[in-house]
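Presented below is the structure to which this report refers.
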Amino acid sequence: CSSTAASEIVGKRADCLCWKVILGCCASSSRKMSVEQFFELLSRKIPCHKDTDAGALYCALRNEELELITTTYANRLTTESQGDVISGEFTALPYCSEGVFVVGTGLHRELQYPEICVSQDTDAGSTYLLNRLPTIFFRFYLGQFYPMDPNFSFTLECAWLPSMLVDLLSARLTEEMSMFEGQFAVKHCCEFLQNEAMEFLFRSTPNAPLQINLFQFQDTDEASSSAGGGNQSYRLTDLLVGHEEQARNQEFTDALHECPVCFEELPGTQCIRFRKCRHFACRECAAASFAEQITQSTNACEPTCVSCAEPVRQQEIRAVVTNEQYTLYEQRLLNRTLSSMPDMVDCPNRDCRFGHVLLNENRDQGICPSCRFHFCARCRAAFHNETACQTGPHTRLSPDKVAELVARYQQAGVDGRAQMELQYGKANLNQLITEHQSNEIIKTACKRCPNCHVAIQKNGGCNHMTCKRCHQEFCWLCGVAMTGTGHFTTSGCRQFT
């Protein structure tokens, strides 16, 4: 649509100043305007007044374009007027629906979303699949003749792109500006940064996946500095992965979710999502579940998710329960830790609330510092220096010692057994026989955790095991400690048998 054709469409009203502005946009365009684009300009024309001031018309068109950007991008545009000049800043949040593969340094921390890391390689680096990339700031300055004069100055700022790519992106925006003279040039630049910038920078061929190699993100001036490229790669990797995690968390917070316990639909601010299993619940239901487990259940030291049996993290417990409930949880957790120590036992006095007592060097007796009860460490009765234990467990023996003692007892004659029963107590020896039988079952049907060495029995076909005591993941087939399921793709071990 040329300016001559536009004049014919406008007809006699072309003497009006606002029509002249539109015709000027047509005439100044570096390419012909389609009829649809021309009528789009007509639809945005303010009412005709022959005495309309050109500056007021330009201002109205500028404000309409900026308002449209604000509406489209949820208040990610800020503007400030200084006389006839408008300065603005648009926050572009690049989103790649198909995902972008980021090659960078492996992070020395636990990922909030482990599935982000799709491969780990010590030599080539780790690969992360991200959908959300950090902010690009687009600052622009519109003169008093915009959009009649579509050229405007702008700057780009990005914390993770090297200066060479920022310059390349700026050059492309200048091209975009010339392509859309008088036709929402600022809006088109914002749309390009939001939707097309990453594809422009990082897609090598039309059908190739988007890939960002952070090891190549080292500017010339930084390459000559004393800081190594590896440190920069780690910083950028942590920045991009951290942004993805924060964006996902924010999306969960902003959305509505149906609690699987009470079935109420609540905003994410009133819900909690558990990192390990990715299930969620409203905070009220999660708090009630944890409080019940802490105060009544044998699972007090390991509250689990409301939807599965996966233990939750301490930070997640702390986030929803009361101070009193969390103090009780910490106390029971401490008690379990102390109980696992070979020289610490509970005070046998039922009227004493002290908790744990440190045994003597030989670990055969203890004195409670609270109630002063002097007891035998074997049977938990009052200490009896001259007589053998008659009841209670004969504790603190290794499986080998138990097997040796049981074999000696079973192979002894009548007099030998009587002597051992006097020394150790008949009830204790019978309990040791039961313990020995359990140890034999453990040897044949159980395997040891590679971290805390507790015996674990598999109850299903999956060979990806998690220790209930220390939460260490390991392979049932070869016993190696691991994180995630990558071991089954590289070791030859099958995940399901």
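Computed from the coordinates by the stated procedures, all read-outs in this text should not be read as laboratory data. Keep in mind it's a predicted model, so treat the numbers as computed, not measured. Please note: Cβ atoms are built from the backbone with ideal geometry, for glycine as well, and neighbour counts cover all protein chains shown.
Residues Leu61, Leu334, Leu142, ranked from the fewest to the most other C-beta atoms within 10 Å, line up as Leu334, Leu61, Leu142.
Answer rounded, prolate or oblate for segment 397-447, using the Cα gyration tensor with square roots of eigenvalues a ≥ b ≥ c: rounded when a/c is under 1.5, else prolate when a/b is larger than b/c, else oblate.
On the way: a/c = 2.80, a/b = 2.31, b/c = 1.21.
Prolate is the answer for segment 397-447, as a/c is 1.5 or above and a/b outweighs b/c.
So how do 326-333, 67-74 stack up, highest first, on mean other-Cβ count within 10 Å? List each step's numbers first, then the result.
Numbers: 326-333: 16.0, 67-74: 13.9.
Peptide ranking by packing, descending: 326-333, 67-74.
Here each label is just a point 7 Å from Cα along the line to Cβ, and for Leu107 and Gln457 those points are 4.0 nm apart.
What is segment 256-340 by shape, rounded, prolate or oblate, if you read a ≥ b ≥ c off the alpha carbon gyration tensor as root eigenvalues and call it rounded for a/c under 1.5, prolate for a/b larger than b/c, and oblate otherwise? It comes out prolate by the Cα gyration axes. Size descriptors for segment 311-367 (Cα atoms only): Rg and Dmax, in that order, 14.7, 44 Å. Once the Cα-Cα distance is subtracted from the 0.36 nm per residue extended length, the Leu93 to His188 segment shows a gain of 32.7 nm. Each peptide in 458-469, 366-377 receives the mean, over its residues, of other Cβ atoms within 10 Å, and ordering these scores from highest gives 366-377, 458-469. If you wrap the Cα atoms of segment 449-491 in a convex hull and average its projected area over all directions, you get 2.9 nm². How many angstrom lie between the Cα centre of segment 139-209 and the Cα centre of segment 314-353? So the two Cα centres are separated by 59 Å.
Summarising the label geometry, the points placed 7 Å from Cα in the beta-carbon direction at Val118 and Cys308 lie 2.2 nm from one another.
Mind checking segment 53-140 for trypsin sites (Lys or Arg not before Pro) that DSSP puts in a loop (not H, G, I, E or B) and that have at most 13 other Cβ atoms within 10 Å? Please report the intermediate quantities before stating the final value.
Numbers: sites: Arg62, Arg76, Arg109, Arg132, Arg139; in loops: Arg76, Arg109.
In loop regions of segment 53-140 (DSSP not H, G, I, E or B), the sparsely surrounded trypsin sites (Lys or Arg not before Pro) are Arg109.
Amide H contacts under 5 Å for Asn213: Val103, restricted to partners 5 or more places along the chain or on a different chain, H placed in the peptide plane at 1.01 Å from N.
Placing a pseudo-label 7 Å from each Cα along the Cα-to-Cβ vector at Arg275 and Thr71 gives an inter-label distance of 4.3 nm.
In whole Hz and in residue order, list the ³J(HN,Hα) couplings for segment 66-79 that follow from phi through the Karplus curve 6.51 cos²θ - 1.76 cosθ + 1.60, θ = phi - 60°; x for Gly and Pro. In residue order, the calculated couplings are 5, 5, 5, 5, 4, 5, 5, 10, 6, 6, 8, 10, 10, 9 Hz.
Multiply the residue gap between Ala382 and Cys478 by 0.36 nm, knock off their C-alpha separation, and tell me the result in nm, one decimal place.
Working: separation 96, 0.36 × 96 = 34.56 nm, distance 4.70 nm.
Value of the extension gain: 29.9 nm.
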